[in-house]
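Beneath this line is the structure, given in C-alpha coordinates, with notes to follow.
The values are calculated or read from the model by the stated rules, or taken from the named source; none is laboratory data. Given the structure is predicted, the values throughout are model-derived calculations rather than measurements. Reconstructed Cβ throughout: ideal geometry from the backbone, glycine too, with neighbour counts over all protein chains shown. Calculation scope for accessible area: heavy atoms of the full protein, side chains included, ligands and nucleic acids excluded. Shrake-Rupley method; radii C 1.70, N 1.55, O 1.52, S 1.80 Å.
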Amino acid sequence: MRRGVASPSSRHGRPLHCDVSGSGSPVVLLHGVAFGPESFTHLTRERSGSSLQFVAPHRRGYGRSVDLPLADDLDVQVADIIATIEAEVESPVVIAGVSGGATLALAVALAHPGLVRRLVLHEPAIGPLGPSLAAILTGSADAFARADDVRVPAVSLAKTLAGPTTWSRLDARSGVERMAATMAHEVPQFAAFAPSTGDLMRLRALPVVSSVGRDSGPERYEVSRALIVCAEAVEVALPCGHLAQVEAPQAFAAAIAMEVEPTR
(Lines give C-alpha, C1' and ligand atoms only; values in the text may rest on other atoms or scores of the structure.)
Protein backbone atom coordinates (compact mmCIF):
# COMPACT_ATOMS: atom_id res chain seq x y z
CA MET A 1 0.00 0.00 0.00
CA ARG A 2 1.34 3.43 -0.89
CA ARG A 3 2.46 5.40 2.10
CA GLY A 4 0.86 8.80 2.06
CA VAL A 5 1.29 11.85 4.22
CA ALA A 6 -1.25 12.53 6.92
CA SER A 7 -3.14 15.80 6.89
CA PRO A 8 -1.77 18.30 9.43
CA SER A 9 -4.88 17.97 11.59
CA SER A 10 -4.53 14.20 11.92
CA ARG A 11 -1.20 14.33 13.75
CA HIS A 12 0.04 16.54 16.55
CA GLY A 13 3.50 17.86 15.90
CA ARG A 14 5.57 19.99 18.21
CA PRO A 15 7.77 23.00 17.47
CA LEU A 16 11.40 21.91 17.44
CA HIS A 17 14.54 23.64 18.63
CA CYS A 18 15.99 25.71 15.78
CA ASP A 19 19.18 27.48 14.81
CA VAL A 20 18.20 30.88 13.42
CA SER A 21 20.62 33.17 11.62
CA GLY A 22 20.36 36.22 9.41
CA SER A 23 17.33 38.33 8.62
CA GLY A 24 15.07 38.62 5.63
CA SER A 25 13.11 36.06 3.66
CA PRO A 26 12.87 32.83 5.70
CA VAL A 27 14.50 29.63 4.49
CA VAL A 28 13.86 26.44 6.45
CA LEU A 29 16.82 24.03 6.21
CA LEU A 30 16.02 20.36 6.75
CA HIS A 31 18.79 17.88 7.51
CA GLY A 32 18.69 14.21 6.66
CA VAL A 33 19.65 11.01 8.42
CA ALA A 34 22.88 10.76 10.47
CA PHE A 35 24.13 14.27 9.59
CA GLY A 36 22.28 16.78 11.76
CA PRO A 37 21.59 20.52 11.82
CA GLU A 38 25.25 21.33 12.51
CA SER A 39 25.99 20.27 8.93
CA PHE A 40 24.45 23.55 7.73
CA THR A 41 27.01 25.70 9.57
CA HIS A 42 29.19 26.24 6.49
CA LEU A 43 26.18 27.21 4.38
CA THR A 44 24.82 29.78 6.81
CA ARG A 45 28.28 31.33 7.16
CA GLU A 46 28.57 31.61 3.38
CA ARG A 47 25.34 33.60 3.29
CA SER A 48 25.94 35.78 6.35
CA GLY A 49 24.89 39.33 5.57
CA SER A 50 22.50 38.21 2.83
CA SER A 51 18.79 39.03 2.76
CA LEU A 52 17.86 35.52 3.92
CA GLN A 53 16.96 34.24 7.36
CA PHE A 54 17.96 30.60 7.86
CA VAL A 55 15.93 28.45 10.24
CA ALA A 56 17.39 24.97 10.81
CA PRO A 57 15.15 22.73 12.94
CA HIS A 58 16.79 20.09 15.12
CA ARG A 59 14.75 17.00 14.29
CA ARG A 60 13.92 14.56 17.08
CA GLY A 61 17.04 12.70 18.17
CA TYR A 62 19.47 15.32 16.82
CA GLY A 63 21.27 18.34 18.24
CA ARG A 64 19.27 20.15 20.90
CA SER A 65 16.37 17.76 20.27
CA VAL A 66 18.49 14.72 21.09
CA ASP A 67 16.47 13.99 24.22
CA LEU A 68 13.18 13.79 22.34
CA PRO A 69 12.07 10.27 21.41
CA LEU A 70 12.57 9.54 17.75
CA ALA A 71 9.45 9.97 15.63
CA ASP A 72 7.51 6.78 15.02
CA ASP A 73 6.88 7.57 11.35
CA LEU A 74 7.29 10.23 8.72
CA ASP A 75 3.86 11.72 9.39
CA VAL A 76 5.02 12.77 12.87
CA GLN A 77 8.12 14.37 11.37
CA VAL A 78 5.97 16.25 8.85
CA ALA A 79 3.72 17.51 11.65
CA ASP A 80 6.80 18.64 13.62
CA ILE A 81 8.10 20.70 10.70
CA ILE A 82 4.69 22.25 10.08
CA ALA A 83 4.39 23.16 13.77
CA THR A 84 7.91 24.61 13.72
CA ILE A 85 7.25 26.77 10.67
CA GLU A 86 4.02 28.05 12.17
CA ALA A 87 5.81 28.89 15.44
CA GLU A 88 9.05 30.36 14.08
CA VAL A 89 8.42 32.23 10.84
CA GLU A 90 5.80 33.87 8.72
CA SER A 91 4.82 31.59 5.86
CA PRO A 92 5.02 30.85 3.02
CA VAL A 93 8.69 29.93 3.24
CA VAL A 94 11.42 28.46 1.10
CA ILE A 95 12.15 24.93 2.27
CA ALA A 96 15.55 23.50 1.36
CA GLY A 97 16.44 19.94 2.25
CA VAL A 98 19.31 17.56 1.70
CA SER A 99 18.88 13.78 1.41
CA GLY A 100 16.23 12.70 3.93
CA GLY A 101 15.64 16.39 4.63
CA ALA A 102 14.70 16.85 0.97
CA THR A 103 12.33 13.89 1.23
CA LEU A 104 10.80 15.50 4.30
CA ALA A 105 10.50 18.83 2.46
CA LEU A 106 8.55 17.06 -0.29
CA ALA A 107 6.26 15.45 2.26
CA VAL A 108 5.62 18.80 3.97
CA ALA A 109 4.78 20.46 0.64
CA LEU A 110 2.33 17.69 -0.23
CA ALA A 111 0.67 17.82 3.20
CA HIS A 112 0.49 21.61 3.52
CA PRO A 113 1.36 23.38 0.24
CA GLY A 114 0.18 26.75 1.56
CA LEU A 115 3.22 26.90 3.84
CA VAL A 116 5.69 26.65 0.96
CA ARG A 117 6.90 29.41 -1.37
CA ARG A 118 9.64 27.39 -3.08
CA LEU A 119 11.20 23.94 -2.72
CA VAL A 120 14.93 23.27 -3.07
CA LEU A 121 15.54 19.54 -3.05
CA HIS A 122 19.00 18.04 -3.02
CA GLU A 123 18.79 14.33 -3.80
CA PRO A 124 15.61 13.19 -2.02
CA ALA A 125 14.07 9.74 -2.03
CA ILE A 126 10.81 9.50 -3.96
CA GLY A 127 9.96 5.83 -3.62
CA PRO A 128 9.33 3.69 -6.72
CA LEU A 129 9.43 6.79 -8.96
CA GLY A 130 13.18 6.65 -8.31
CA PRO A 131 13.55 2.87 -8.46
CA SER A 132 17.33 2.55 -8.16
CA LEU A 133 17.50 4.58 -4.96
CA ALA A 134 14.33 2.93 -3.66
CA ALA A 135 15.99 -0.48 -4.04
CA ILE A 136 19.02 0.71 -2.03
CA LEU A 137 16.87 2.10 0.78
CA THR A 138 14.53 -0.88 0.91
CA GLY A 139 17.47 -3.28 1.01
CA SER A 140 19.05 -1.27 3.80
CA ALA A 141 15.81 -1.21 5.79
CA ASP A 142 15.67 -5.00 5.51
CA ALA A 143 19.34 -5.24 6.57
CA PHE A 144 18.66 -3.14 9.65
CA ALA A 145 15.74 -5.40 10.57
CA ARG A 146 17.94 -8.52 10.33
CA ALA A 147 21.16 -7.17 11.86
CA ASP A 148 22.41 -8.13 15.28
CA ASP A 149 24.67 -5.07 15.20
CA VAL A 150 23.06 -2.15 13.34
CA ARG A 151 26.41 -0.37 13.05
CA VAL A 152 27.40 -2.69 10.18
CA PRO A 153 24.51 -1.82 7.81
CA ALA A 154 24.65 1.81 9.02
CA VAL A 155 28.24 2.27 7.86
CA SER A 156 27.54 0.39 4.62
CA LEU A 157 24.50 2.55 3.85
CA ALA A 158 26.30 5.79 4.75
CA LYS A 159 29.13 4.95 2.36
CA THR A 160 26.63 4.17 -0.39
CA LEU A 161 24.44 7.22 0.12
CA ALA A 162 27.21 9.71 0.81
CA GLY A 163 29.37 8.50 -2.06
CA PRO A 164 33.17 8.37 -2.19
CA THR A 165 33.67 12.14 -2.36
CA THR A 166 31.70 12.94 0.78
CA TRP A 167 33.03 9.90 2.62
CA SER A 168 36.65 10.80 1.89
CA ARG A 169 36.20 14.45 2.89
CA LEU A 170 34.35 13.84 6.14
CA ASP A 171 35.42 12.02 9.27
CA ALA A 172 32.08 10.29 8.96
CA ARG A 173 32.86 6.88 10.34
CA SER A 174 32.64 7.68 14.03
CA GLY A 175 29.62 9.93 13.48
CA VAL A 176 27.74 7.27 11.55
CA GLU A 177 28.48 4.65 14.18
CA ARG A 178 27.15 6.96 16.89
CA MET A 179 24.02 7.53 14.86
CA ALA A 180 23.52 3.89 13.84
CA ALA A 181 20.47 3.38 16.06
CA THR A 182 18.90 6.55 14.67
CA MET A 183 19.55 5.39 11.11
CA ALA A 184 18.01 2.01 11.84
CA HIS A 185 14.91 3.80 13.12
CA GLU A 186 14.62 6.44 10.40
CA VAL A 187 15.75 4.80 7.17
CA PRO A 188 12.65 2.56 6.94
CA GLN A 189 10.48 5.68 7.28
CA PHE A 190 12.15 7.41 4.34
CA ALA A 191 12.21 4.16 2.35
CA ALA A 192 8.43 3.87 2.82
CA PHE A 193 7.72 7.36 1.44
CA ALA A 194 6.15 6.72 -1.96
CA PRO A 195 4.46 9.68 -3.61
CA SER A 196 2.52 8.99 -6.78
CA THR A 197 3.07 10.67 -10.13
CA GLY A 198 -0.06 12.69 -9.39
CA ASP A 199 1.36 13.80 -6.05
CA LEU A 200 4.48 15.16 -7.72
CA MET A 201 2.45 16.79 -10.47
CA ARG A 202 0.64 18.81 -7.81
CA LEU A 203 3.99 20.43 -7.02
CA ARG A 204 3.88 22.19 -10.39
CA ALA A 205 1.99 24.94 -8.55
CA LEU A 206 5.26 25.68 -6.72
CA PRO A 207 8.70 26.62 -7.99
CA VAL A 208 10.83 23.50 -7.46
CA VAL A 209 14.62 23.30 -7.76
CA SER A 210 16.17 19.84 -7.97
CA SER A 211 19.88 20.02 -7.22
CA VAL A 212 22.14 17.05 -7.81
CA GLY A 213 25.83 16.57 -7.20
CA ARG A 214 28.09 16.15 -10.19
CA ASP A 215 29.92 13.45 -8.24
CA SER A 216 26.72 11.64 -7.27
CA GLY A 217 25.66 8.28 -8.65
CA PRO A 218 23.16 7.57 -11.43
CA GLU A 219 20.40 6.80 -8.94
CA ARG A 220 20.43 10.47 -7.92
CA TYR A 221 20.06 11.65 -11.51
CA GLU A 222 17.23 9.18 -11.97
CA VAL A 223 15.37 10.88 -9.11
CA SER A 224 16.09 14.33 -10.50
CA ARG A 225 14.76 13.32 -13.93
CA ALA A 226 11.53 12.15 -12.30
CA LEU A 227 11.18 15.50 -10.54
CA ILE A 228 11.79 17.31 -13.82
CA VAL A 229 9.14 15.26 -15.63
CA CYS A 230 6.51 15.10 -12.89
CA ALA A 231 6.98 18.33 -10.92
CA GLU A 232 8.58 20.31 -13.79
CA ALA A 233 11.50 21.07 -11.49
CA VAL A 234 14.51 23.07 -12.61
CA GLU A 235 17.67 20.98 -12.29
CA VAL A 236 20.89 22.48 -10.95
CA ALA A 237 24.14 20.50 -10.99
CA LEU A 238 26.41 21.32 -8.05
CA PRO A 239 30.17 20.71 -7.72
CA CYS A 240 29.81 18.11 -4.99
CA GLY A 241 28.38 14.75 -4.04
CA HIS A 242 25.51 13.98 -1.68
CA LEU A 243 26.13 16.39 1.22
CA ALA A 244 25.86 19.66 -0.68
CA GLN A 245 25.72 21.82 2.44
CA VAL A 246 29.14 20.53 3.51
CA GLU A 247 30.92 19.97 0.20
CA ALA A 248 29.65 22.96 -1.76
CA PRO A 249 27.94 25.36 0.65
CA GLN A 250 28.31 28.41 -1.58
CA ALA A 251 26.88 26.68 -4.64
CA PHE A 252 24.03 25.16 -2.65
CA ALA A 253 23.28 28.55 -1.08
CA ALA A 254 23.09 30.02 -4.58
CA ALA A 255 20.60 27.30 -5.56
CA ILE A 256 18.53 28.15 -2.49
CA ALA A 257 18.49 31.83 -3.47
CA MET A 258 17.41 31.12 -7.08
CA GLU A 259 14.15 32.73 -8.06
CA VAL A 260 12.25 30.19 -10.17
CA GLU A 261 8.80 30.74 -11.55
CA PRO A 262 6.18 28.01 -11.07
CA THR A 263 4.97 26.36 -14.25
CA ARG A 264 1.34 27.07 -13.51
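Rounded if a/c is under 1.5, else prolate if a/b is larger than b/c, else oblate: which is the chain, with a ≥ b ≥ c the root eigenvalues of its Cα gyration tensor?
It is rounded, given that a/c, with a ≥ b ≥ c, falls under 1.5.
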### Task
Under a 10 Å cutoff between Cα atoms, tell me which one of S210, S132, S99 has the largest fluctuation in the Gaussian network model of the chain.
S132
### Task
List the relative contact order of the chain as a percent without decimals, with contacts defined as Cα pairs under 8 Å and 6+ residues apart.
21 percent
### Task
Subtracting the Cα-Cα distance from 0.36 nm times the residue separation, let me have the gained length for S196 to D148 in nm, one decimal.
13.9 nm
### Query
Per residue, how much accessible area does the chain show when a 1.4 Å probe rolls over the protein heavy atoms, in square angstrom?
41 Å²
### Task
List the residues whose amide H sits under 5 Å from the amide H of V120, counting only those 5 or more places along or on another chain, with H placed 1.01 Å from N in the peptide plane.
I95, A96, G97, V209
### Query
Which percent of the accessible area of segment 18-84 is formed by carbon and sulfur heavy atoms (probe 1.4 angstrom)?
47 percent
### Message
Test of understanding: what is the full-extension gain from E86 to E38, defined as 0.36 nm times their sequence separation minus their Cα-Cα distance?
### Response
15.1 nm
### Message
If I build a Gaussian network model for the chain, linking alpha-carbon pairs within less than 10 angstrom, which residue out of T84, T197, T44 has the largest mean-square fluctuation?
### Response
T197
### Summary
Taking R0 as 30 Å and r as the Cβ-Cβ distance between I228 and D73, the FRET efficiency 1/(1 + (r/R0)^6), rounded to the nearest 0.05, comes to 0.55
### Message
How many angstrom lie between the Cα centre of segment 132-153 and the Cα centre of segment 70-110?
### Response
24 Å
### Residue among H185, H31, H242 with the largest mean-square fluctuation in a Gaussian network model of the chain, springs linking Cα atoms under 10 Å
H185
### Summary
For A254 and V20, extending 7 Å from Cα along the Cα-Cβ vector and measuring point to point gives, in nm, a value of 3.0 nm
